[in-house]
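Peer 1: Right, I'll just put the structure down here and ask away after.
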Amino acid sequence: MALAFALTLSAINSSGRGSSRASGSVAPVAASAIPVGTILPIKLQNGLSVDDAAAGQKVEAYIAQQVPLPNRGKIRLNSEVHGTVVSVTKSPDGNGVEVSLRFDQIEYDKQIIRVATSLRALASFEAVRAARLPLGGADSGTPTGRGNTLQIGGDIRYGDAGQVRNRRKENVGKGVSGGVLVHISAQPGTECEGPENGDDRLQALWVFSADACGVYDLKGVEIAHNGKTEPVGTITLRFTKEKMKLDASTGILLRTVAGQ
């Protein structure tokens, strides 16, 4: 039943990533500094084009909001996240393509951290952009960061240092520069879970809601396998047509999982 599916990386101008990217020689290290269950909000650096994708193709992304870790550690904004296309399978009738990929390396502080990740949420560039605009509109005169914004999934962020409230008007965290720190929650009826092993620390969800799960504003794209179960760490996306793509700056929520 699996359709196989393909991705092609189309080059984009990534000048907005700033100068804080990891650089210099790097050495691989263990992932113990990043607990299982940690959310990694990322943006695609390049587009993902179904038409030209191939196994072994590199998929590059970067951290979209600084990620706090235990013991005052952090993954800095714009740290690089490296992925690879594992396989591309096209439906014999030409009505769909599945692309399997892995995001398994994070580069920061001149180190490469190897991780296994699952996919929690995926949102179009347009949805990401809308979540960053004040509810009063781009021309409301409200300084960036201070305005109230609607997170992808329905939470409302009341500006930098303000509360973040879910659809039930419950306080789930706070706004910070460039995103939010919230207590993640499960979404009933989905595979998206809440805290891992009781670890209910604040997590960086960028423009997403505390219970964001699944695909947002990407018609014809679905998550066929999220990577939580075998094959662990392998994410499969299904496109209904070969001529589809994910644009640069598509927003993604990864979550670290226990590797094989």
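Peer 1: Using the Karplus equation 6.51 cos²θ - 1.76 cosθ + 1.60 (θ = phi - 60°), what ³J(HN,Hα) coupling, rounded to whole Hz, does each residue of region 168-174 give in order, writing x for Gly and Pro?
Peer 2: 8, 6, 8, 6, 10, x, 9
Peer 1: While we're here: So what is Rg over Rh here for region 94-190, counting just Cα atoms and using Kirkwood for Rh?
Peer 2: 1.06
Peer 1: On to the next question. Residues with amide H under 5 Å of K74's amide H, sequence separation 5 or more or different chain, H placed in the peptide plane at 1.01 Å from N; which?
Peer 2: So K74 has HN proximity to L69.
Peer 1: Label-point separation (nm) for S91 and E230, each offset 7 Å from Cα along Cα-to-Cβ?
Peer 2: A separation of 2.7 nm, rounded to one decimal place.
Peer 1: Pull up all non-local amide H partners of Q57: gap of 5 or more, or a different chain, and H-to-H distance under 5 Å with H placed in the peptide plane.
Peer 2: Result for Q57 returns V85.
Peer 1: If I histogram all Cα-Cα distances within region 64-110 using bins 5 Å wide from 0, what percent of pairs lands in each bin?
Peer 2: 5, 16, 17, 15, 12, 9, 9, 7, 5, 2, 1
Peer 1: Something else: Take the alpha carbon gyration tensor of region 187-249, find the square roots of its eigenvalues, order them as a ≥ b ≥ c, and report rounded if a/c is under 1.5; if not, report prolate when a/b exceeds b/c, else oblate.
Peer 2: Taking the square roots of the gyration eigenvalues as a ≥ b ≥ c, region 187-249 is prolate.
Peer 1: Let me ask another. Search the structure for amide H atoms under 5 Å from the amide H of S49, placed 1.01 Å from N in the peptide plane, and list their residues when 5 or more places away or on another chain.
Peer 2: Those lying under 5 Å, H to H, from S49 are T8, L9, S10, L246.
Peer 1: Let me ask something else about it. So what is Rg over Rh here for region 145-260, counting just Cα atoms and using Kirkwood for Rh?
Peer 2: That ratio equals 0.99.
Peer 1: If you don't mind, another one. Based on the mean of other beta carbon atoms within 10 Å per residue, what is the order of 127-134, 184-191, most packed first?
Peer 2: Ranked from most to least packed, the peptides come out as 127-134, 184-191.
Just so you know, all these numbers are worked out from the coordinates, no wet-lab data involved. Model, not experiment: these values are computed from the prediction. Counting neighbours? That spans all protein chains shown, and the Cβs are built from the backbone with ideal geometry, glycine included.
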